[in-house]
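A short worksheet on the structure shown next.
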Amino acid sequence: MIGQLAATAEAAPHEWKQPALDADARLHQLAPYIGKLKPVIARQLLQRFTAPGDIVLDCFSGSGTIPLEALLLGRRVLAFDTNPYAVALTRAKLEAPVSLEAAAHRLTQRLVAARERPRYADEDVPDWVRKFFHPETLQNALQFADECLEKDDQFLLACLLSILHHQRPGFLSYPSSHLVPYLRDRKFPRTDYPEMYTERALAPRLAAKLRRAYKDGRSVDRTGVLKVGQVGVADLRLDYEVDAIVTSPPYMNALDYVRDNRLRMWFLDRRTANYSPEPTEKQGQSDAITAAFARNALKYLRQGGHCVLIVGETVLRKRIKSHPAERIFATLVEEYPTLRVEQVIQDEIPDVRRSRNTGSATKRELILVLKKG
């Protein structure tokens, strides 16, 4: 059975299903993030429902895809999220140095200063973190992270987090997966692959990361960035109204943002645990986020402005089946009865992008185009 909104949906444009386009800015690939929105989707939605100079609010910014596309299209940007890794990655993309030369110069400064920082004792680092790295590699990475944190250098910090773990030579860890951190020592045993367990130099790997990030030579005009911060919708406060809200609320009970980013998040916040529950694990928690969005985000949308929501639809996981788009829309209309549906677009989601390997989680998303009347 499908929900009423899904029944009225039109099919997504065919280009949404195509591989990444050359038109996509390289900064979109700055660091991995589970459940990233494809840039072409954000770009086309912004082109259709916003205009140059508009103020665009994304209060669930995730990896920063929507804010970056908005900035590249000449919009002004407000971006917020509760996840510290999401905020760091969003800021990194929006605050990137203007050129490779500028980024490389800053990298040299940070590396020199990092070497003067105090070293960590083993007891200062949890076992679950230490098992991923050669001890000297870990020391260098921690000192560099601390230097970036002290200088509030989110761009170089994100570059570090992007090469933190993988089995490829250009990354810092012992052989492990790239998106979700787990060791692959059974596939690559130390006895057979001793070279994968040696110290890995930080500086050349970061320099190579910068070259990849600036391969397209594109720069970002930061003047359109109004504010980026670690703020949840329950605490959202703005000083002016916005022309459009374009955002993708967290999928209820479908993705594990905290668990899957736990190693990168630990480098940002040393209190991060190996495993943590999701804020959207329960239906009630998801409903509370939607209600807070209705109260604290929609009120800033100008009359006649568009609210574009990318919503995971037909969740089936952990014995829970629901139609989140229906629940979200019902909550929003309760707060704003004049809110109307202008368009619904349905997009099938490849397993590699949003679903669990079992295929039991979200298999498609609905784009709800709402207008505040």
* If one takes the longest principal axis of the Cα atoms in the chain, at what angle in degrees, from 0 to 90 and to the nearest 10, does the Cα axis of helix 39-49 lie? -> 30
* Asked: Net charge near Val129, counting Lys/Arg +1 and Asp/Glu -1 over other residues with Cβ under 13 Å of its Cβ?
  -> +1
* Asked: So who's got an amide H within less than 5 Å of the one on Ile55, skipping anything under 5 residues away but keeping other chains? H placed 1.01 Å off N, in plane.
  -> Arg76, Asp243, Ala244
* Got the relative contact order for the chain handy, in percent, Cα pairs under 8 Å and 6 or more residues apart? -> 20
* For the chain, Kirkwood radius (reciprocal of mean inverse C-alpha pair distance, Å) -> 21.6
* By average C-beta atoms within 10 angstrom, highest first, the peptides 25-33, 185-193 -> 25-33, 185-193
* What are the principal axis extents of the Cα atoms in segment 51-153, in Å, biggest first? -> 52, 32, 19
* Percent RCO, i.e. relative contact order, over segment 100-213, from Cα pairs under 8 Å lying at least 6 residues apart -> 27
* Just tell me which aspartates and glutamates come within less than 12 Å, Cα to Cα, of Lys227; anything on the same chain fewer than 8 places away is out. => Asp58, Asp81, Glu95, Asp239
* **Stretch gain in nm, segment Glu348-Arg295, where the contour uses 0.36 nm per residue and the Cα spacing is subtracted** => 16.1 nm
* Just going by the charge dipole of the chain, with Lys and Arg at +1 and Asp and Glu at -1 on Cβ, which of Pro249, Ala104, His165 is farthest out on the positive end? -> His165
* Distance histogram in 10 Å bins (all Cα pairs of segment 130-252, percent per bin) -> 10, 31, 28, 21, 8, 2, 0
* With charges only on Cβ, +1 for K and R and -1 for D and E, what is the dipole size of the chain about its Cα centre, in debye, rounded to 20? -> 540
* What net charge is computed for the residues neighbouring Asp22, neighbours being all others with C-beta under 12 Å from the C-beta of Asp22, Lys and Arg scored +1, Asp and Glu -1? -> +1
* Structure fact -> Taking R0 as 35 Å and r as the Cβ-Cβ distance between Ala113 and Lys187, the FRET efficiency 1/(1 + (r/R0)^6), rounded to the nearest 0.05, comes to 0.40
* **the chain: angle of helix 283-296 to the longest principal axis, Cα-based, in degrees nearest 10** => 70
* Structure fact -> The Cα extents of segment 1-62 along the principal axes, largest first and rounded to whole Å, are 39, 29, 22
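FYI, it's all coordinate maths here, none of it is from the lab. Note that the coordinates shown come from a computational prediction; the quantities given were computed from them, not determined experimentally. Glycine also receives a Cβ, built like all others from the backbone with ideal geometry; neighbour counts cover every protein chain displayed.
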